[in-house]
Amino acid sequence: MGKIFLVCPNCRTRLSFPEVPGYQDKIVECPICHFKATANVYQSGAAAKGGQGADDDATQLPGSMMQQSMDMGQIRVGKSNQCCPLKMGSNVIGRIAQTGKADIQITHDEYMSRRHVQIDVVKGARGIEHRLVEINSKNIVVLNGSPIQRNDILQLKFGDRLTLGKTAIYLEETDDEATQIV
């Protein structure tokens, strides 16, 4: 039996657990936002692995999901340990808000903008590269303890710490065990 990868439709946290028969009809509770629904409501396929095309791949059977040959990475929120997979292309990160338009909404930090920073995941000469793009948010972005300048585009590496408002987030390699069904 393989592993099942799902994405919470509410907070976009990536969940994983061992494949069991009939898992689609079991109630799953997100350990971060406590959203409850049957497993088939959660996104699966490439979206759960951090890829693009959530709707295209949502009907794939878990046993047929292919492992990503390149690690897109994930961000982990320091206080809550919430993990959010990154996808190829642009990933805008911001605070949770009903009017928010960020791809990844991570916390209710009042000092974080609704669209605070962007991480671009691109194929570069040395494989997958992560680029931090300052997008003129109202609040500053701090990288490894130093504020970045307006309109900066900086190369990131796994282990880098970003501070958005009062919230620390870390760029990490994808960890299948980072978040588990409770």
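The values are calculated or read from the model by the stated rules, or taken from the named source; none is laboratory data. Predicted model, so just to flag it, every value in this text is computed and none were measured. So basically every Cβ, Gly included, is an ideal-geometry build from the backbone, and we count neighbours across all protein chains shown.
Out of N91, N139, I need the residue that is more than 16 Å from I153 (Cα to Cα) and assigned by TED's automatic domain parsing to the domain that holds L164. Which one?
Working: N91 fails: more than 16 Å from I153 (Cα to Cα).
N139 is the lone residue from the list that is more than 16 Å from I153 (Cα to Cα) and assigned by TED's automatic domain parsing to the domain that holds L164.
Could you tell me whether the stretch 116-129 includes any residue that is surrounded by 18 or more Cβ atoms within 10 Å (Cβ to Cβ) and part of a loop (DSSP other than H, G, I, E, B)? The answer is yes; a qualifying residue exists.
Here is the figure for the stretch 134-171: residues that are within 20 Å of the chain's Cα centre (by Cα), under 22 Å from H108 (Cα atoms) and assigned to a strand (DSSP E or B) total 13.
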